[in-house]
1. Using a 10 Å cut-off on Cβ atoms, rank the peptides 156-165, 20-29 from the highest mean neighbour count down.
2. Can you tell me the length gained on complete extension of the stretch ARG190 to ARG69, counting 0.36 nm per residue apart and subtracting the Cα distance?
3. Can you give me the long-range amide H partners of ILE20? Hydrogens built in the peptide plane at 1.01 Å from N, cutoff under 5 Å, separation of 5 or more residues or another chain.
4. Less than 24 Å apart at the alpha-carbon level, and either on another chain or at least 8 residues along: which lysines does that give for LYS95?
5. Treating cross-link reach as a plain straight distance, find the lysines whose alpha-carbon is under 20 Å from the alpha-carbon of LYS32, omitting any fewer than eight places away in the same chain.
6. Starting from the 7 Å offset along Cα-to-Cβ, what nm value, one decimal, do you get for the label separation of GLU59 and LEU149?
7. Could you line up ASP63, ASP48 from fewest to most neighbouring Cβ atoms inside 10 Å?
Amino acid sequence: MNSSTVCRVCGRTFSKRGGIRHLSAESIRDFKRLGIEAEDMCMSCAMDKVKELSLEREERLGDLKAELRECEKNVLTEIQVMTTPHPESWMPGVKGVVSGYAVVGVGALTGLANMFTDIFGGESEEYLQKIRNAERHAVNVAKMQALSLGANIISGMRLEVKSGNTGTILVSCVGTAVEHGSVNVPGFERVRETAKEYAELRRRRMPIVAGSSESYAELSPSAGSYEVPAHL
């Protein structure tokens, strides 16, 4: 390990005195877990590689997010939501209970003056819009659960909005997932795969570029070695 005298990427000679240094063993392992051979790569080239990986990650996240938004329009609209209970004749199609949750920060209103400012100053509309967005998110989470169960209707949907002590609001919903008639959900498996990839990619951490074990430990966001999930 670190047997070469020159960086295999830029060709510069390794020298602690000149600032062209080898990577630490921990950094090399970080890159290797992402399928990149970083042995005999200098720290400068490793930093360039991290920038490239970060850019690719952000671009891919953007593509996946756009695809999921398209799914929301084309797939989630197939799920009907009713606040009334389903008829007894639909009982054979009952798949189970589904629920969704969303937390939104709205800030705390304190005092009469702030209340009047909120109502007459136009901020109340923004406040309500945040709640509406949270409601939509919670319902969509429940819809995704219904889709995974093979249902196309959520009956008896109940929404609740509760305020917290730290300027937050919790929106929750619960209902019964029912399969009634034909379930027209094309490409749902693709939706599931896209959502999974998006979640995994958001959790993925970039390699830490360090020249020693001590530097790596200082730069590491948490104690212990970093393990990339096996499916990455």
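1. 20-29, 156-165
2. Gain on stretching ARG190 to ARG69: 42.2 nm.
3. SER15
4. In chain and number order, the partners are LYS73, LYS143, LYS196.
5. Hits, sequence-local ones excluded: LYS49, LYS51.
6. Going by the 7 Å Cα→Cβ label model, 4.1 nm.
7. Taking fewest neighbouring Cβ atoms as first place, the list is ASP63, ASP48.
Read-outs: derived from the displayed coordinates by stated rules, not from any lab. Quantities reported herein were computed from a predicted structural model and do not represent experimental measurements. Cβ coordinates were reconstructed from backbone atoms using ideal geometry, including for glycine residues, and neighbour counts include every protein chain displayed.
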